[in-house]
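First the structure, in the form of structure tokens, and then the observations on it.
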Amino acid sequence: MIPEIGHYALALGLCVALVQAIVPLIGAQRNNLALMELSRPAAVAQFLTIGVAFAALTHSFIVSDFSVSNVFQNSHTDKPLLYKISGVWGNHEGSLLLWIMILAVFSLAVAVFGRNLPPTLRARALSVQAMITVGFLLFILFTSNPFERIDPAPLNGRGLNPLLQDPGLAFHPPMLYLGYVGFSMAFSFAVAALIEGRVDAAWARWVRPWTLLAWIFLTLGIALGSWWAYYELGWGGWWYWDPVENASFIPWLSGTALLHSAIVVEKRDTLKSWTILLAIVTFSLSLLGTFLVRSGVLTSVHAFATDPTRGVFILLLLAVTVVGSLSLYAWRAPQLKAGGVFAPISREGSLLLNNVLLSTASATVLLGTLYPLFADALNLGKVSVGPPFFNAVFVPLMVPMVLVMALGPMLAWKRGDAYGAARRLWLALVAAAVVFAGTYVAAGGALTDVGAAFGMGLGAWLLIGTLVEWAERVHLFRVDPVTSLKRAAGLPRAAYGMTLAHAGMAILVMGVVGNTAWKGESIQVMSPGEVVEIGGVAYEFRGAERVEGPNYDAVQGRFILRRDDGAVLAVMEPQKRTYTDPPMPTSEAAIHTDGITDHYAVIGDPSPDDGPGAFVTRFYHEPFVPFLWYGALLMGLGGLVSLTDRRHRIGAPTRARARTAAPVGGASARGAAR
Amino acid sequence: MTRKKRRLYFVGLGMLALGGATALVLTAIGDNLLYFYSPTDLTEREVAPGQRFRLGGLVEEGSVEKDGETVRFVVTDLVHTIPVTFTGILPDLFREGQGVVTEGQLGPDGLFTAASVLAKHDENYMPPEVADSLKESGYWEEGLEGAEAAVRSTGGAEQTSH
């Protein structure tokens, strides 16, 4: 019964979404407030219907109702509760339901918190949101019904892919989706603004927090996925430039660009049409990401079994979204009033450079990711584009970006003084030089270490540059400490957000560079008692034994990890597990971290030919990997701090009053007359 | 700075980025494309020794021999076969009768030395290239899904999915 209620709620949700897509749009065109206002209760109803459907599916998973095909395929009675719940989105149908669930939450947020939005903008934005919902609901109802029954009901389920039975991955998809779907807000507001024919600072003030929220989730979601791949797949790698990873990284790049160009719109009322375009593109790339992951068109180390017919539907959805919104853009964007002018060397100029570099990076990663598809379609053979391509293209784009990242915030709006800013950054330059020389010497001084040392110096440049910028704002050491402290307390939270996020980026850069350059690995057969040294530590193998988990059996190795001087650092117990349902092996690495370097041990298959109790073992020396997680967390934290800035909460009440009082002129009057 | 000059600056910057990116892409993509070949493809074309490419197909039943950290197995598309050697820990889902994609180079003796064996997250997953090459070799059973179709045609016994 409950699955049927869920299914019915979805159908009902489709009807509500249709109403919400059409009526407020007409209301906004006719300036009929009653019709426009319908968008708000509709968004609430939308949330309720989809919420009921989501709750129904979750219920089916929790009680293990195997008459529901989706539960049978992806769950099992022996599974811990957390993974029963995460099983809801650990499959195609459920993940789409989560997708629109999040979309409904965002729409609800606009309806509830958007009280002081101009009514036409709100109505139109909600209408666009509803159009996206309609597309996805049709997709779910016609191709991917999560509530499909099987008769007779099987006694037990097939179980969830054991690789997904992991806390890291339980929360990775929801985070990623919150990011993807969050960009739909920027998209809806952009389309609404195009229909209205005006974009101003108030619009940017509305779009920025939503973009920021989406960006935070996407940042943390990607980091979580990377962390999971690092410890769960047992290869000690955190990024492979794999199509599925790229699918989340491409919208992140353009979303980061959007985040920065929205600042320019808000502060300087310029770059408007570019920002609108970025909003459209970012959401389209999010849709493309969903498409790439869900259709299985690309070979990926992460690929899950997928169904190509569904891919066609998402492709259609993507085409409608992209063609529709870009046509609207081509038609309306020229009518947007151009804003203030600025010199190339200015805050705006540096943000523009950031945008150009990020969009170019996004485009090249997209090209590399889709190239195998084009090549296959054009009969150029089956190819894949590997990490060397992405590294060769991406790194040269990021170097100037990180260089300018320290400089940009020091420049004034409108017209900046690059020489002066560079001079104020002398400390950062010194730090970069010291780190460069220090790492170069420490690494052994070989010619191949120059690049890595330069990268570490680059990270130091950004880190110290960011701190110098903060110090300048609070007049550190130039006034007495109390005044500095007062100034520090008075700084807007958005400023702190930037400082944290940029510092996080600096640390991330060091983590990426340091790990890529100085990672080490060692594979061998070891008998009990043997010792292997790598990366300044020694692993002593103490044999392996069988252990039993709740839904798996495992072979558990035992290693004593010692420092150079013989002091015991840790006892490491990596496992090779065999799950019972579904029967599938996984490797659980053992990782010991000192906060800067990780020591990573994996146990492989037994090798009885090499002596009793011999096993294949694998160790990784992983310097600077923790920096990746610190950096990503700092970036997320920076976003969060910036989100709490009071400017974002207050919104734009003055404009709202002005707009309801006076009829809108210019383009929106033209729009109403259509 | 006038509007016109600013627009010129925009366009200039855009062109520069575009030109730079194109140059980067063109230089990088030529060297870094990995072609995918099936064992049958390799009988039909010359692959320069030392050229890196991807070899995909099914792991032939009964062909996996482990010798310490070195593993030897045979990749087949059910028409032709290529012996492969790989040193390291295999992905957890590596199994006889399953689809596999390996990356490495072919030696003069016809032995493929794999530098990596791609892991999959899902035991039902069949790499699209492998599915295509099985279709070409005529061993693909329509109407069945991915791995199962291929495994049935090789007579895989211990397949547990579906």
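Derivation of every value follows stated rules applied to the coordinates shown; laboratory data play no part. Only a predicted model underlies this, so the values are computations on that prediction, with no experimental measurement involved. Ideal geometry is used to build each Cβ from the backbone, glycine not excepted, and the neighbour counts take in all protein chains shown.
Shielding value for A:383-395 is 6, the average number of Cβ atoms from other chains within 10 Å of each residue's Cβ. The modelled label-to-label distance between A:ALA55 and A:ALA422, using points 7 Å beyond Cα along the C-beta direction, is 6.2 nm. For segment A:317-429, the Kirkwood radius over C-alpha pairs fed into Stokes-Einstein at 10 °C and 1.306 mPa s yields D = 91 µm² per second. Relative to its residue count, the protein assembly as shown spans a Cα convex hull of 179 Å³ per residue. Note on B:SER63/A:LYS414: beta-carbon distance plugged into 1/(1 + (r/R0)^6) with R0 of 51 Å gives a FRET efficiency of 0.15. The residues packed around A:THR58, meaning those with a beta-carbon under 12 Å from its beta-carbon, carry a net charge of 0 if Lys and Arg are +1 and Asp and Glu are -1.
Here segment A:156-196 yields Rg over Rh of 1.34, to two decimals, using C-alpha coordinates and the Kirkwood radius. Look at where the Cα atoms of segment A:401-425 and of segment B:76-102 average out, and the two centres are 54 Å apart. With contacts taken as Cα pairs under 8 Å and at least 6 residues apart, chain A reaches a relative contact order of 13 percent. Hull volume per residue, based on the alpha-carbon atoms of segment A:520-627 and their convex hull, is 105 Å³. On the beta carbon distance between A:ILE534 and B:ASP31, with R0 = 35 Å, the FRET formula returns roughly 0.70. Using θ = phi - 60° in the Karplus curve 6.51 cos²θ - 1.76 cosθ + 1.60, the 3J(HN,Hα) couplings for segment B:96-104 round to 5, x, 8, x, 8, 10, 10, 10, x Hz; x is entered for Gly and Pro. Measuring between their Cα centroids, segment A:219-283 and segment A:587-613 lie 34 Å from each other. Which translational diffusion coefficient, to the nearest whole µm²/s, is obtained for segment A:166-404 from the Stokes-Einstein equation, given a Kirkwood hydrodynamic radius over C-alpha pairs, 10 °C and 1.306 mPa s? Estimated via Stokes-Einstein, D reaches 85 µm²/s. Applying 1/(1 + (r/R0)^6) with r as the Cβ-Cβ distance of A:MET1 and A:LEU33 and R0 = 41 angstrom yields a FRET efficiency of 0.50. Put simply, the C-alpha atoms of segment A:1-165 give a gyration tensor, and the ellipsoid matching it has half-axes of 35, 14, 11 Å, longest first.
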